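S.K.: Quick one: structure below, then a few questions.
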Amino acid sequence: MSDDVRERWESRSIAVIILSASFILLILPFYITFNEFFTSVVKSIGLWYFIDRYISPIVAAMTSSMLQLMNIKASFSGSIVYIIKSTEIMALYIAWNCIGWQSLVIFSAISYLSLRDSRLPRLEKLVIIILGLEGTLLINIFRIALVGLVAVYFGKLHAILFHDYIGSLISFGWLLGFWYLFSHKSSRESLEDEES
């Protein structure tokens, strides 16, 4: 890559980071409201029962495993993760609406819109989607584990605030970051195509 192309690419990257940070602060209230709208739709069609009955226990098991990887004593039963701190046990109920299904839906919508007109080969599109879905799942498990840690070490009020605001920022930040990296790669390739 020539110095001129690299300079344009770096200045574009800085502009995207600044715009993304501004966009996050501006759009976060709408993102949270959008999640509430999504929730009401899922409740109205009855899909919440399936999520609560079958998906939440799996997420609880994965959250317990992630906490154990962080060297935190944890176990689970059904949709409840038990975090053990010395003699105290904190029960963390994984509700159907807190597992991060909204970010998976948003990721899927962004994937469709971003990749449908892309010149990338199908295999590369598939890899991007699989990595994005895996990353979204891991970020959601990590976010839930952090809520539990905040509850244990700082109390339930802090955990609720963390869940409602910082948790949404983590999910939204992941989605923005992932698609920034994807678009960054695509725009770098298109700049290299222009150069040749």
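Coordinate-derived values only; no laboratory data. Owing to the predicted nature of the structure, the values given are computational and were not obtained by experimental measurement. Neighbour counts are summed over all protein chains in view; Cβ atoms, including those assigned to glycine, are modelled from backbone coordinates with ideal geometry.
S.K.: Pop a pseudo-label 7 angstrom from the Cα along the beta-carbon direction at both residue 70 and residue 88 and give the gap in nm to one decimal.
M.R.: 1.5
S.K.: Can you list which of the trypsin sites (Lys or Arg not before Pro) found in segment 102-133 are DSSP loop residues with at most 16 other C-beta atoms within 10 Å?
M.R.: 116, 119
S.K.: Pop out the Kirkwood hydrodynamic radius of segment 31-118 from its pairwise C-alpha distances, inverse of mean 1/r, in Å to one decimal.
M.R.: 14.7
S.K.: Give the order of 94, 141 when sorted by the count of other beta carbons within 10 angstrom, beginning with the fewest.
M.R.: Ranked by crowding around the Cβ, least crowded first: 141, 94.
S.K.: Then there is this: Starting at the first residue of segment 57-67, write each ³J(HN,Hα) from the Karplus equation 6.51 cos²θ - 1.76 cosθ + 1.60 with θ = phi - 60°, in whole Hz, x for Gly and Pro.
M.R.: x, 5, 5, 4, 5, 5, 5, 4, 5, 5, 4
S.K.: Starting from the amide H of residue 85, placed 1.01 Å from N in the peptide plane, find each other amide H under 5 Å away whose residue is 5 or more places distant or on another chain.
M.R.: 90
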